[in-house]
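The values are calculated or read from the model by the stated rules, or taken from the named source; none is laboratory data. Please read these numbers as outputs of a predicted model, since none were measured by experiment. Here the Cβ is made from the backbone with ideal geometry for all residues, glycine too, and neighbour counts use every protein chain on show. SASA here: full protein model, heavy atoms, side chains in, ligands and nucleic acids out. Shrake-Rupley method; radii C 1.70, N 1.55, O 1.52, S 1.80 Å.
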Amino acid sequence: SSGINAEYGSVRDHLGFDLPIIVYDDGPEQHSDEILQQIAEFPMLRYIVSRNSDLGIAHGRNHAIMHVKTKYFFMLDDDMTFRDNTDLAKLVSVLDQTDASVVGAALNRDLWFTSYLHFGHFGGTKRRMGQYHGACTLINQTIPNHPSCIRCDIVTNIFLARTKDILDIGGWDPELKLREHADIFIRLKAAGLKVALCPDVRVNHDRPDEETWDEEYAMKRQSNGKRYRALLAGKWNLQNIFDRDARKSMIINRDTGDIQFKDQPDKRVC
C-alpha cells in the first residue's frame, strides 16, 4: 500500500490531476491506520482487499478489470511510478490510430522482458516455444504513423490495452498464479490480436527496500514456480518453454526481412 501512495502521487504530480485507479490487494487487510489514511487522500482510488490471501495475480487482475468502465485501461504494478516521459497520450494515440490491442511502455531503460514468441520443433519431435528477449527492438518493425513505436509479442507489465479485447479472450487465467503474464500474450497472439511497444514511454521501478520487503510473501509467490511453468506448457501442448537472448539466438536478413530463430542450449525458463 505504501507503493500505491507513491504511485498515485506520481500520477497526480505528473498529470496535474487524478485519474481513476483500481487496486486489487490479495490481502488479508493488515494496514495501519496511517496507511489507510494515506489511501483515503486519493478520492478516485478504488482499493479492493480480498478476504483470502494469495489468490494469485491473475485472479486479482480479473476482479479489477470488471470495475473498468473505460475503453482502455493502463496496467502497471504497485511499485512503479510515473516520470517525465510517461506519455499516456502517446499510448492512447497508438490504440486510437491502429488496430493494436495492447501497446506497452518500458521499465526505465530495460527492454529485456519485451520479446518475440516463436513456436516450432527446433529439430525435435515435440513442439516447443521460444521467448526471444530483446527481439522487438532488434527487428524494429515500426508502427504506421508512429515511427518510435514497434511491433512486439510480449511487453512488460506496463501497457495500455483495449478493455473489450482483454475481456473477449477471457482475461487472465486464474489457474496460473505465476506465468499468467506470458499466457495472456500467447492468447493475444493466438487470437490474431496485435501488440505494440513504445520504448520511449517509460516508468520508474521503485523496488521495495529491505524494511518493507516481505520475504515470506515473496517465497510464497515463487514456491510453486515449476508447477506453474509445467501448467503453462501443458495448456499449450508444448514440451517446454525456453528463454533466449535474441542478440545471440536470432539472425535477421536485412535484405529480405527473413528471421531465423536459433535454439541454443540454455537453462529452460518460461
- request: Round to the nearest 0.05 the FRET efficiency obtained for D18 and R51 when R0 = 30 Å and r is the Cβ-Cβ distance.
  value: 0.60
- line: For T86, the residues 5 or more places away or on another chain with a placed amide H closer than 5 Å to its own amide H are R202
message: If I histogram all Cα-Cα distances within the range 1-128 using bins 10 Å wide from 0, what percent of pairs lands in each bin?
response: 10, 33, 33, 16, 7, 2
- prompt: When the convex hull of the C-alpha atoms of the range 145-188 is computed, what volume per residue in Å³ does it have?
  reply: 90
query: Hey, can you rank 112-119, 235-242, 45-52, 194-201 by average C-beta count inside 10 Å, highest first?
result: 194-201, 112-119, 235-242, 45-52
query: From the backbone phi of the range 174-184, what are the Karplus-calculated ³J(HN,Hα) couplings (6.51 cos²θ - 1.76 cosθ + 1.60, θ = phi - 60°) in whole Hz, Gly and Pro given as x?
result: x, 6, 9, 6, 10, 6, 5, 5, 4, 4, 5
- request: Run the quick spin-label model on Q37 and S93: label points 7 Å from Cα toward the beta carbon, then report their separation in nm to one decimal.
  value: 4.3
task: Among DSSP beta bridges whose residues both lie in the chain, state the antiparallel percentage, nearest 5.
output: 60
message: Strictly greater than 22 Å: what percent of every Cα pair in the chain meets that?
response: 60
query: PRE reach from K189 (point 7 Å along Cα→Cβ): which of the range 138-154 fall under 16 Å by backbone N?
result: 138-141, 151-154
query: How much mean residue ellipticity at 222 nm does the chain get from its helices, if each DSSP H run of length 4 or more adds -39500 (n - 2.57) and you divide by all residues, to the nearest 500 deg cm²/dmol?
result: -9000 deg cm²/dmol
task: Using a 1.4 angstrom probe on heavy atoms only, work out the carbon and sulfur share of the accessible area of the chain in %.
output: 49
- prompt: Which value, in Å², gives the accessible area per residue of the chain when a 1.4 Å probe is used on the protein heavy atoms?
  reply: 54
- prompt: Can you give the FRET efficiency for N140 and K69, using 1/(1 + (r/R0)^6), R0 = 25 Å, r = Cβ-Cβ distance, to the nearest 0.05?
  reply: 0.10
- prompt: Taking Cα pairs under 8 Å and at least six residues apart, what relative contact order does the chain come out at, in percent?
  reply: 22
